[in-house]
Every structure is written in structure tokens, then in C-alpha cells.
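Peer 1: I have a structure here, written as C-alpha cells, and I will follow up with some questions on it.
Computed from the coordinates by the stated procedures, all read-outs in this text should not be read as laboratory data. Worth saying up front: this structure is predicted, and the values here are computed from it rather than measured. Positions of Cβ are backbone-derived with ideal geometry, glycine not excepted, and every protein chain shown enters the neighbour counts.
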Amino acid sequence: MDITLLSALLVVVLFGLLLSGLWVGFALLAVGMVAMELASSAPMGAVFARRVWGAMTGWDLTALPMFIWMGEILFRSRLSSDMFAGMAPFTRRLPGGLLHVNVFGCALFACVSGSSAATTATVGRMSLPELRARGYDPAMAIGTLAGAGTFGFLIPPSLILIVYGAATEQSIARLFLAGVGPGILLAVLFSGYVMIWSRLNRHRMPEPEPAPTWRERLRALGLLAPTILLIIGVIGSIYAGLASPTEAAVIGVAGALAIASLTGGMTRANFVASLTGAAMTSCMIAFILAGASFLTVAMGFTGIPRTLAAWIGAQDLSQFTLLAVLLVFFIVIGCFLDGISIVVLTTSVILPMVMAAGIDPIWFGIFLVLVVEMSQITPPVGFNLFVIQSISGRNIFEVAWYALPFFLLLVLAAAIMTLFPEIALWLPGTMMNS
Amino acid sequence: QQAWDMPTPYADAIFHTQNILQFADDVREATGGNLNITVHSANSLFGHAEIRDAVRDGLVPIGEFLLSRLANEDPIFALDSIPFLASSYDDAERLWEASRDAVSERLGQQGLTVLYAVPWPGQSLYLRRDITDPADMAGLSFRAYNVATERLAQLLGATPTQVEETDIPTAFSTGRVEAMITSPSTGANAQAWDFTTHYIDTQAWLPKNIVVVNTDAFEALSDDDRAALLAAAEAAETRGWEMSRAETAEKIAALEAGGMIVSQPSEALAARLQEIGATMTAEWEATAGPDGAAVVEAYRNQ
Amino acid sequence: MRKALDYLYGAALFGTCAAMVAIAALVFTQVLGRALDQVLVALGQARLGLSVPSLGEIAGYLFGVAAFLALAPTLRSATHIRVTLVLRAFGPAGDRFMTGLVILIALGLTGFITWAMGMQAMTSFQRGSMSYGMLPIRLWIPQGLMTLGLVIFAIALLDELIALLRNGTAAFRDIERGRDITEGGH
Ligand code: NA
Ligand code: NA
């Protein structure tokens, strides 16, 4: 079957199934099956079983339910509402107020978590209900979360950079360092946008908090302390050599349980509710991941991403045009495939042309992560959208609409990084010149 | 006309993958485009852990994997991972000659036909400080990723420590692990100088990647295509061994250029490592039974 | 019958929670062992090297089992996500029809993948397939448990289908509609 026709057919099937209300995991599975049926003679059931078995039993994945569990504990033990109450007096004068918590909370949490889904789920579980209760505009609360949740992949540690590093034989240590600068750039862009937006939309912002007394400030610090200690403890456990980034998630669970018990917020019922809540959220994400991993292997068999990438390579473009074309290409396939699949399916074809165009492979890894971050918030297939739908009840298209400004800021960040490659390359170049 | 998908575990830049890409080209050319192999490198179709079963179950007709991954299934697959049993290319070549039939037979029982195998450069030590006295290995946190490396660490008196491959740079830089053993290829490609300082060229063993084809798919080929495939495989094996030999010196030079201190093992360390090799060979023979002993015997008598 | 089914979903969820607690406990043990070693080294003593063998593989299998066992309870609690945007435009009859349609499609797909995963577990059992790491684990055990999760999922879908035919509504759809009301329009 002609590859253009096949692609178009798959897109139609995917949209049709999703809009008719089929669960996302099943929709991805069904599209994968259509692709396999039309483009490959490999036995579909066995391919599904083999690939899903491999994809669903990876060590790196185990951090996901642990981080989500940690978020549930913080949410149910009121530690998270304490944290917001503690932060409120200090963000009073900042334009945008507590909306910045999404940006900085995600940036901080991304220092621990390697995945965007875990970052979004953990931070969002705490921040969305709080922001809502405090009268913040839901569109902006959801948009900032969707955008900033993608830091999980950019700020080290990062699953995407590990996958890219392994597929391209680039140093993971260097890639991690290269992610720091662009991570800060994005955080500044997002926060800047929040400030400007809140100045322009004062009527959509809640009443500012009353000016706190010094006594209230002290009390606020006391409320903030446990969660800050927890985050420092989790990050510290990695750098003290106590835990790997994957294991650090469990430090987070243990720490959250300990603090919640000490502050009296952890009843038996709360414990069970946090555990079952985390179990079901993780299952929801895992089921979509299973569908996505089957779709990935089906795409590998059809050769669609490869062929498209090779077609771009054959155009013999200049460096900037190549990057612009690749950006569009990635945004389009990023609508339909998840981040890891994009990296896995295309690097083999794209890296040689990128190298031939004289582009630094470390820099390109970061560019790719920005693109993957965009794919997290573009419908219909974007993991941050799924996570936020499950927390907020808003459907993925609505969430994607709220996230659109942040998608555009990601594109802007990619452009800035193209003009100033040092943003990514300065840190690894400085710290690793041996 | 046939299109074969071929999953492989390693990145394009790795010489094994380069060799396979050349092999696929050779096959395409020799069969006049009749047999078209698409290489899916770097775990992009199936993960390393799934490739053998994917070929065995006919999900894909052909694939590559590290032979010693199957060590838990049959001791014969662990033979090329015994330290100092065959620690040079010449020895490794003789060991493969002696064991090829046994390996082919075991894999044959699983419906797999062995096309060829190519070794990695010898496994050597990566540390954050120099070690000349084997006693200094005592208590060192040493990366272990399977039964053989765990045993090696134990016999060295080191503490076997599990570190996932992707976690290695972080583990070294945060002190969770202090020593590992791997090939100069893997070390240079991972830019090991970012997180280790000393390379001790032990070349302890030369583990092999093996390329297998599903026997049913193989037999379904026309006689001409099958002959072309076998000829290309033979050429790939010869070429791969040469690439591997060239790779050793090249990648050690890269490690040095990266700033690592490259040295030969001290006499005391070399002697201790030989001893450990003899112990592990004896232990392997005990688990592998008379068949295994016969293979080692044949290797020694060559 | 209702009681038995709810008990089945509860048991599956319990299995998931147990697997998650096991992951946390194993990893925590590993970290404690490492912390103990750091203390010993700081005191000038030798490391004990206490560690959980094959932790990476075992935790990975536990995650797979946890995820698949929770499929049915996650369906019942309407936590599996889908796009209900278009459904709001349908009347009650259209909603019922669409709910029935997606359950039927899901049931068919689940049947297919249950069979596929079951065959894989069976094959692993017959071949005696082992994991790669230090602790050889029989692969049919986690694969079988994952298949079990799918079987319970298929039962839950069938349960919802029967409820829809009998009472005109499915449990997950009721929860979703409740959510639509509380989240309100926009
Ligand atoms: Na991160
Ligand atoms: Na997307």
C-alpha cells in the first residue's frame, strides 16, 4: 500500500476511534493493528505480546507509580495544601501569584523525575485542586501545568535523553548537562508569560492575598518546611550516591509517608486511598503506554517515519532550512506518536543527515527533547494531556487548547536555541573539558 | 521478492551495526534485490531482551543479540564470558571454532539457524583510581550485571553492585559504583573519561554478538538466495572479526585521547586474574557437564 | 453475582497495591543496604554489599503485573481516559448506543490481546524461559499474572455491557457523567 495513503488512513482511523469515545489505549492498539494488517505479514498477536511484555517491564518505568504515589500521599495528607498556604504570602507581589508554583514546582520536581508524565501527575495532583480552590483561572492553571510538566524530559535526569544517548552513542552525562540551560530558558519564558498574562488579564486573577504579618510569614515558612525538606532529601539521595534516579522515587514515597505520619495527616484510610489512587492512575498511563508501544512497533514495520525522514534527507537542505523542516516534521508526527517512539523510530535516519549538515549531535539531542515536549501537549496523542484529563476532568482537546501558548513558547525556545546554541552547549563544554 | 525486518540492539555508530548494514547491502546485491533486509538498530523494533524470541517465534526472520544473554538457559551460551579462558582474538577465534557446533545445535533446537558471530573487543577494567595490587580491589563497589560478572567481583574480593546500563555515568559520578569491566568500544562510545580515570587493559574475555535467522524463514528461501545469504554471512563474520581487532587499538587510543590513563595490568593483578579465570572455568565445567568439558577440551587441544 | 464480581475487582486491585508496596519495599531495602555500606566505609570498615539480586528485573515485572491487574478496577472507576466531547452532543439513546459500541470494540480487542499474552505465557512455560539477570526467574509467572489481569479486564467489560443492556447504563459512564456535571460547562 502506498505510504501516503496508509498514513492518511491511519490518521483518520485514530481520530475516528478517539472521537467516538474509545479509550485511548485501545484506540492506539487498534490503529497499530490496522497498520500491521495492511503493511506487514508478521503475526500481530505475537508481536503485540512480545513488544508489550518488553515495554511494560522496564526498570525505568517503575519510578512512575512511585512518584504518582508520592503525589497522592502529599495530596491526601494535606501536606500539599500546607505547602500552597505557605507559599501564598511570598508570591503575593509576584504578577501571576501562585501560578508560578506550577512552573517552579515542575522544574524542581524534574530534577528528580526522568519523565514528563510523572512530573505532570505528581505536581498537578497537588497544584490543580489548590489553584482552583484559590480562584485561579482554570485555563491558565491547566496550561501552565501542561507546559511546565514537560520539564521532566528536559531537566536531568531524562528518559528521552537516555534513549537518545543510547541510540546515537552520545554521552548521557553531557546530554544531561546540556539540558540544564534550555531548562532554565524555558522556565524563564513560561514565568515571563505568566507575568505578562496576569498583568493583561487582571480581571481573571483572584483577589491578592492580604498582606501577611511577620508572624504569618513565620507560620508560612513552617508550613513549607516539610515539603521542601522532602524534595531536598530526594534530590540529595541521588547526589549522595544513596539512590539511582529510579530508586529516588521510593525515597520520595518513604519520605512523604514519614512526614505525613509525623504531622498526623496519615490515617489508615488515607494510606489506602493514596495507594489505590496511585495504582489506578499508573494503570491508566501504563495502558496507554502499552498501546503506544505496540503502535511504535507497527510503525517500525510499516516504515512510515523512516520513509518520511529519508525523504527530508533527500531534499539536501541547508542547516537552518533542515532544522525548520525537521521541526515541522516532528510537530506533525508528534501529534500522533509519543515522545520515546519519535526518538526511537527516527534517529537512525535523521542523525546522519543532521551530522552531515554540521549540527552538533548533543545540541540536536536537546532540540529533539524540545520537540518531544511539544508532542506531549499536542492532541490527540500527548501524555501530559492524558494525565491532566485524568486529574482535572477536562478533555484532552480542551487541555491542549489551554496549553497552546506554552506550545508556542516551546517553539520559540527551539528558535532561540538554534540562534544561540551555547545555551545548550556551554555547560557540557565547560564542565567536561578534560 | 522478500522484505526482511532485522532488529538489532546497538546504535548505528557501533561497529557491529556497521557490519550488519554492510551485510544487508551485500545480501541485497547478491540476490539482485530479491532479499531486502531492513536493519532496525538500537532496539528500535524490539528491545534486546526480546530479539531472540522475536526471531524464534517468526515475528521477524532475522536478528542480532549478545550470545551470553542466554546464559541462564544453557551454560554453553556463557562460555565466551568466562574471564581469561580465551583472552585474545586468536584464542577467541579457536574457542568459537570449538564451540560453534554446540551453540548452533542448541539454537537449532529453538528453530534458529546461526549465521555468524562477531566478538566485542576484550573486556577491560574502568576505575576512578589506579590499582596494581589485587588486594586493593577488596571492598571496591564493582558493577555486576549477570551471574558471571557477579562471580568475578566476588572472587576479586570486590562488592558486586547492580547498575543498569543507562545509569552508569550517574552511578560513577555519585560514587554508587567504583569499577566496571567492559570493552574499549563501549567505554569510548560512552565517553567513559567523563566519569572514570583509569583503564586497565585486561582484555579478560571477548563476548560475541550472534546473528541468527529463523530456520523456517531460512528454508523458505530459494536455493540461490540461501546460498547468497550464507556467503554474505561468512564475509560478514570475517569482516566483523577484522573490524573488532582494529576497533580495539582504535578505541583504546580514543580513551587515551579523552584523558584516561591507560595501563597494562600489573604482574600481581594479572596473576590474580589468571587464577580467577581458572576457578571460573572449573566452575563452568562443573555446571556444563561432560558436553561442556568436551568443548573446552577440544579448544585446549587445538 | 454482583458481590462476587466486585470481590474479583477488589482482589485484582489488592494485587496491584501489593505489587506496588513490594516494589517500594525492595527498592527501599536496596537503598538501606547502600546507606549501611556508606556508614561502614565512613567508619573505615568493609562494605557488606547487601543488595536485592536482580532488583531491576523483579521491579520491572512487578510493575507490569501491577499495571495489568489494575485494568478492571481502573475501568470501573472511570479512570481510563477517553474523549467524551462528542458524546455530549448525543441524546440519551445515542449515548447508550455509543457506550455499547465502545464496550464492544474494547471487548473484542481485549479478547484478542488476552489470547496473545496468554499464548506468550504458555510458550514461556513450555520452553522454561528464564530472565537474564542474576536471579533466573521463570518468565511465565509474570506473563501469566499479566494475562490474568487481562482476563479480569474482559470480565469487567462484559459486566459493563450486560449492565448497559439490562439497566440502560454502565458504571463507568455514570461516574463520567457525574464528573461532567461537577466540572461544569465552560
Ligand atoms: Na527530569
Ligand atoms: Na502529541
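Peer 1: Relative to the longest principal axis of chain B, what angle (0 to 90°, nearest 10) does the C-alpha long axis of helix B:147-156 take?
Peer 2: For B:147-156 against chain B, the angle is about 20 degrees.
Peer 1: Using the number of other C-beta atoms within 10 angstrom as an exposure proxy, rank B:Glu267, B:Glu285, B:Glu178 with the fewest first.
Peer 2: Final ranking by Cβ density, sparse to dense: B:Glu267, B:Glu285, B:Glu178.
Peer 1: Using a 10 Å cut-off on Cβ to Cβ distances, tally the other chain neighbours for every residue of B:12-21 and report the average as a whole number.
Peer 2: Taking all residues of B:12-21 together, the mean is 2.
Peer 1: Now, a different point. Compute, for the protein assembly as shown, the length of the dipole vector about the Cα centre, with Cβ point charges of +1 (Lys, Arg) and -1 (Asp, Glu) only. Units Debye, rounded to 20.
Peer 2: I would put it at about 4320 debye.
Peer 1: Using amide H atoms built 1.01 Å from N in the peptide plane, name the residues 5+ places from B:Val262, or on other chains, whose amide H lies under 5 Å from its own.
Peer 2: Excluding prolines and chain starts, which carry no amide H, the hits are B:Tyr199.
Peer 1: Choose one of A:Pro305, A:Ser375, A:Val325: the residue whose Cα lies farthest towards the positive end of the charge dipole of segment A:60-431 (beta-carbon charges +1 Lys, Arg; -1 Asp, Glu; about the Cα centre).
Peer 2: Most positive-ward Cα: A:Ser375.
Peer 1: Using a Gaussian network model of chain A with C-alpha springs under 10 Å, which one of A:Leu327, A:Leu99, A:Leu186 is most mobile by mean-square fluctuation?
Peer 2: Maximum fluctuation in the GNM of chain A, among the listed residues, is at A:Leu327.
Peer 1: Moving to a separate point now. Specify the residue with the greatest mean-square fluctuation among B:Leu115, B:Leu221, B:Leu206, computed from a Gaussian network of chain B linking alpha-carbon atoms under 10 Å apart.
Peer 2: B:Leu221
Peer 1: Right, another one. Taking the alpha-carbon centroid of each part, what is the distance from segment A:310-339 to segment B:178-192 in angstrom?
Peer 2: Using only Cα atoms to place each centre, the spacing works out to 33 Å.
Peer 1: Apply the Karplus curve 6.51 cos²θ - 1.76 cosθ + 1.60, θ = phi - 60°, to the phi angles in segment C:119-128 and return the couplings in whole Hz, x for Gly and Pro.
Peer 2: 4, 5, 4, 4, 4, 4, 5, 5, 7, x
Peer 1: Something else: Average the reciprocal distances over every distinct pair of alpha-carbons in segment A:60-431, invert the result, and give the Kirkwood radius in Å.
Peer 2: Evaluated on segment A:60-431, it is 21.0 Å.
Peer 1: Which Cα, out of B:Thr281, B:Ala257, B:Ala228, lies furthest along the positive dipole direction of chain B (beta carbon charges, K/R +1, D/E -1)?
Peer 2: B:Ala257
Peer 1: Determine, for A:Ile232, A:Ile350, the number of other Cβ atoms within 10 Å of each Cβ, and report the residues in order from fewest to most.
Peer 2: A:Ile232, A:Ile350
Peer 1: Normalising by the residue count of segment C:1-147, find the relative contact order in percent from Cα pairs under 8 Å and 6+ residues apart.
Peer 2: For segment C:1-147, the relative contact order is 24 percent.
Peer 1: Around B:Gly63, which amide H atoms from residues at least 5 apart in sequence, or from another chain, sit under 5 Å from its own amide H, with H modelled in the peptide plane?
Peer 2: HN-HN under 5 Å from B:Gly63: B:Val212.
Peer 1: Output the relative contact order of chain B, whole-number percent, from Cα pairs under 8 angstrom with separation of 6+ residues.
Peer 2: For chain B, the relative contact order is 26 percent.
Peer 1: Could you please rank A:Trp401, B:Trp205, placing first whichever residue has the fewest other Cβ atoms within 10 Å of its Cβ?
Peer 2: Fewest to most other Cβ atoms nearby, the residues stand as A:Trp401, B:Trp205.
Peer 1: Compute the long axis of helix A:3-19 from its Cα atoms, compare it with the longest principal axis of the Cα atoms of chain A, and write down the angle in degrees, 0 to 90, nearest 10.
Peer 2: The angle comes out at about 30 degrees.
Peer 1: If you don't mind, another one. Near A:Ala290, within a Cβ-to-Cβ distance under 13 Å, what is the net charge of the other residues, with Lys and Arg +1 and Asp and Glu -1?
Peer 2: Net local charge, A:Ala290 excluded: +1.
Peer 1: Taking the 0 to 90 degree range and rounding to the nearest ten, how far is the long axis of helix A:245-262 tilted relative to the main principal axis of chain A, both from C-alpha atoms?
Peer 2: 20 degrees
Peer 1: Right, something else. Expressed as a rounded percentage, what relative contact order does chain A have, with Cα pairs under 8 Å and six or more residues apart?
Peer 2: 26 percent
Peer 1: Say the dipole of the protein assembly as shown comes from +1 at the beta carbon of Lys and Arg and -1 at that of Asp and Glu; which of A:Gly96, C:Gln38, C:Leu165 then lies farthest toward its positive end?
Peer 2: Farthest towards the positive pole: A:Gly96.
Peer 1: Pick out which of A:Phe420, A:Phe271, A:Phe406 has the largest mean-square fluctuation in a Gaussian network model of chain A, springs linking Cα atoms closer than 10 Å.
Peer 2: Residue with maximal mean-square fluctuation among A:Phe420, A:Phe271, A:Phe406: A:Phe420.
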